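Shown next, in C-alpha cells, is the structure this report addresses.
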There are 2 protein chains.
Amino acid sequence: MTEVSQYSGHTMSRATAKPASIADVARVAGVSVPTVSRVLTGAAKVSPDKRDRVLLAIDELGYRPNGAARALVSGKQRIIAVMTSETAIFGYSATIQGIETAARAEGYFVVISVVENPTEDEAQRAVELVLGQPLAGIIVLKFDPVGVRVLEALPPDIPRVAVSGEVSDEVSQASIEEVAAGEEIVRYLLSLGHPTVHHVTVPASRDEDHRTTGWRNALVEAGAEVPEIIPATWDASSGVRIGRRLAADDSVTAIFCGNDEIAMGVITGLSDAGRNVPADVSVVGFDDHPLARIWRPGITTIAQDFPGLGRRAFELLQAQLDGDAAVARSTSRPPLVVRESAGPPRVR
Amino acid sequence: MTEVSQYSGHTMSRATAKPASIADVARVAGVSVPTVSRVLTGAAKVSPDKRDRVLLAIDELGYRPNGAARALVSGKQRIIAVMTSETAIFGYSATIQGIETAARAEGYFVVISVVENPTEDEAQRAVELVLGQPLAGIIVLKFDPVGVRVLEALPPDIPRVAVSGEVSDEVSQASIEEVAAGEEIVRYLLSLGHPTVHHVTVPASRDEDHRTTGWRNALVEAGAEVPEIIPATWDASSGVRIGRRLAADDSVTAIFCGNDEIAMGVITGLSDAGRNVPADVSVVGFDDHPLARIWRPGITTIAQDFPGLGRRAFELLQAQLDGDAAVARSTSRPPLVVRESAGPPRVR
DNA sequence: TTGAAAGCGCTAACAA
DNA sequence: TTGTTAGCGCTTTCAA
C-alpha cells in the first residue's frame, strides 16, 4: 500500500532557475573570472579586498563551482566506479564499505554500477554506460561470474582493480587467501575426528571457487572421501532445505558451508529435522558474518576482513592513478574463528 | 597478515597515454568534429559512408566520449548522490539497493557519500565535497541524526529527497508508516495477554523514533504501564547483553526491539540466561531481516520494504529533475509478519 | 548532409 | 596582484 501526496508551492524556483556561474560571481564582485577562480582554488594570491568581495558575491548568489567543468579542464576525475552483481549481500556490502571509506579518506567518491546477469551483452552495456561518466578508475568485484564478464568488457586503457576471483597477471588484484583458509577449516574438522566433510557452496565466479578448492585439497591430503558438492543459492532459506535433507543422511557428520548465512540455514534445517548441532552434526561457515557470533550455537568460521579487502583494492587503484603502471597483487590470510558449531562426531 | 607483490611490465601505457578525443576521431575519419558527434548521439542524419569511417576510427582509436565534457555542454548530470551514515547495515544497504535499481533503470548512477558523525561541521564538509561532483540530485537517508544534519547543510537549489525521518513540508520524502506499524505490533503483543511491552531501541534520528512513538501510543491507549526505554547500539551483541540482563527480571514478558538483529541478540541473551522464547518471554523485531525467517524461533516482525522505499525515493527525485517543483510525500504501510518468537505469557 | 563557429564553466599561461 | 587570452571535449546553432 503506497500513497503519494503533493504539496505544491514554495519551492518553485528550485528546479527552474539555472545556477550562478563563475562569471556571475565575477560580475557581482566586480573582478575578473580568473580572480574568482583564484579565490576558489587558492592557487594564487588575491588582495584581501577583492577576496572579500568575491566571497560575498559567492555567498549572495549561492554559487557553487560546476563539477563537470572542473573535471573537464583539470582532467582529474574524483569518482571511482565499483562494478558488482550485488550490493546488499554481506560480503559485497562490507567490501564496498571498505572501498568507500578508503576512497573518501583520499577525496574520491564511489559510484555503484550493478550488473545483474553474467552475460557478455549486459556486461558490455554496463561498461559503456559507466564509462560515459567522468571516472578516475574502476574496481570490479569478482566474487561471481558477473565480475569476470565485466573485466573482459573493460577497454584496456582505464585503470582497474579486481577484487577476489581468479588470479591473473593482467590486472591488479586484491584478494583473500581462500584456498588456504578452506584447507584450514576442513583440516580442523578432520582433526576433530570426522571421517570426511560435506560441502555446501554459494554461487561462485567459476566452476569451482577457491574455498571449495581448499576443501578438496584438505580432504585429498587426508585421504578422506570427497563427497558430492551441494549447491545453495545466496538465500539462506536454501540452506534450510539442504539441512533438512542432510538430516536424513547418517553418514553426514560435518558440513562446511560456503558462507555463514548458508551455515545458519543448514543448522536451522538440521534442527528442524531433530538433529542437534554440534552434537549430531558439525556445521561451519565462511566470512564471519556479524550475526555468526550471536547465533546459537556460535558459528565456527573463517573471518574474512571484507572492509580491509576493499581498502586494499582502493590502494591498488590509487597506485595506478598516481602513475604506477605495474600490476600488483595484495593478499591476506583470514584466520579461523572457533566457536561452538563444530565438535567431535558422536561415537556410534 | 597482508602481502603486496609487484609485477612490473606490460601495462606501462595504461596510465600515461592520454585518451583519444573527438577531434582525433574526426581527423582519422576525415570528417568534421560535429559529424562524429552526430554519429555518437544519433542526433542527425549522417551518410552511411562517413558514418562507417567514423565508427572505424572510433574502434581503431579505442575512443570513448569524455563524460565531463558531455555533462558540461549538456548541463545534464546522470549521477545522484546518496548521503548516509551507513552502507552495510541491513536497512541502509537494502534501501540503497532499491535506489540503485530504480536509478539504473532510468539511466542514472548512484554515488555513495558517507557522513560518519552527526556534527554540523562534518555534514557541511561532506555536502561541499559532494556538490563538487557533477550531480543531478541528492537522496538523504534520514534514518538517524546524520541525515538531519546533512539536510540542514544542503543549499536550497539542489534537487533533494529525504528517506524516512521527521515529516517536513519543505522537502520531498519517502517513508514507511512506522508509527502505525509500531502500534500494530505492540497491540498484537498486548492482545496475546501481556500486561505491558518493554522496548529496546536502535539509534534514531531524534529523541524518539517513530516506532517508539507507536509503541508508546499503543501502551497508553491500552492503559498499560510504559516501561523505561532500553537503548541498544546497531551491534546485535548489545542485544545479547540486554537480553541477559532482562532475563533476571520476572516482570518482563514481552519485548519489542527496534530491529530484527537486536531482537536476535536479545533472544540469544535470554536463552543464554536460561529463559525460553516465546514460552517465558516474547520478543519481536522490526524490518523483516532476511535471516528473521530462518532464525529459531522465527522472528515476529514488521516487514519493511526497503528496496521499495529506495525506489519511491528515486521516483520522487526524478519528478523534481523532470521539472516538477512540488514537494511530494510517498508513504507505505508495512505489514505485521507473525512467526514464532511471540506467544501468550506464561500463566503464573 | 555537412562544416564553421560559438559556447558550456572552468583553470592555466601569459602579460601587464 | 590582476586581467586578457586560450583551451579542455563536447554539442548545438547556423549556413551552405
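With respect to (1) surrounded by fewer than 21 Cβ atoms within 10 Å (Cβ to Cβ); (2) away from chain B (no Cβ under 12 Å); (3) touching an Asp or Glu at 6+ places or on another chain (Cβ under 7 Å); (4) touching a residue at least 40 places away in the same chain (Cβ under 8 Å), the lone exception for A:Gly298 is condition (2).
Looking at the stretch A:195-282, the helices (runs of 4 or more DSSP H) lying wholly inside it that each contain 2 or more residues that are over 16 Å from A:Val179 (Cα atoms) sit at A:236-247, A:260-272.
Please specify each residue of the stretch B:23-33 satisfying the condition of being under 13 Å from B:Pro65 (Cα atoms), near DNA strand C (Cβ under 10 Å from one of its atoms) and surrounded by fewer than 18 Cβ atoms within 10 Å (Cβ to Cβ). Hit for the stretch B:23-33 is B:Val33, nothing else.
Check whether at least one residue in the stretch A:157-165 is away from every other protein chain (no Cβ under 13 Å), assigned to a strand (DSSP E or B) and not acidic (Asp, Glu), and report yes or no. Yes, the stretch A:157-165 has at least one match.
Residues that are modelled with pLDDT under 95, at positive phi and of a type outside the set (D, E, K, R) do occur in the stretch A:305-323. Suppose we keep only residues that are under 26 Å from A:Leu321 (Cβ atoms) and modelled with pLDDT of 90 or more within the stretch A:42-67. Which one would you say is farthest from DNA strand C (Cβ to nearest atom)? The qualifying residue farthest from DNA strand C (Cβ to nearest atom) is A:Arg64. Of the candidates B:Ala319, B:Ala313, B:Ala303, B:Ala328, the single residue that is touching an Asp or Glu at 6+ places or on another chain (Cβ under 7 Å) and more than 24 Å from B:Val226 (Cα to Cα) is B:Ala303. Output the residue which, of all residues in the stretch B:73-82 that are free of Cβ contacts under 8 Å to residues at least 12 places away in the same chain and of a type outside the set (Val, Ile, Thr), is nearest to DNA strand C (Cβ to nearest atom). In this case the residue turns out to be B:Gly75. Counting just the residues of the stretch B:101-142 that are acidic (Asp, Glu) and not in a loop (DSSP other than H, G, I, E, B), which one comes out farthest from the other protein chains (Cβ to nearest Cβ)? The residue in question is B:Glu120.
Can you name the residue in the stretch B:83-100 that is within 7 Å of chain A (Cβ to nearest Cβ) and without any contact (Cβ under 8 Å) to a residue 60 or more places away in the chain and, of all such residues, is nearest to B:Ala313 (Cα to Cα)? Ranking the qualifying residues of the stretch B:83-100, first place goes to B:Ser93. The residues listed here are B:Ile138, B:Ile185, B:Ile112; of these, the one that is surrounded by 24 or more Cβ atoms within 10 Å (Cβ to Cβ) and under 27 Å from A:Pro65 (Cβ atoms) is B:Ile112. Could you tell me whether any residue of the stretch A:61-68 is closer than 20 Å to B:Gln133 by Cα, away from DNA strand D (no atom under 16 Å from the Cβ) and more than 7 Å from chain B (Cβ to nearest Cβ)? Looking for residues that are closer than 20 Å to B:Gln133 by Cα, away from DNA strand D (no atom under 16 Å from the Cβ) and more than 7 Å from chain B (Cβ to nearest Cβ), one finds at least one in the stretch A:61-68, hence yes. One residue is enough: does the stretch B:22-42 have a residue meeting the conditions acidic (Asp, Glu) and more than 14 Å from chain A (Cβ to nearest Cβ)? No - not one qualifying residue is present in the stretch B:22-42.
The values are calculated or read from the model by the stated rules, or taken from the named source; none is laboratory data. These figures come from a predicted structure and were not determined experimentally. Cβ coordinates were reconstructed from backbone atoms using ideal geometry, including for glycine residues, and neighbour counts include every protein chain displayed.
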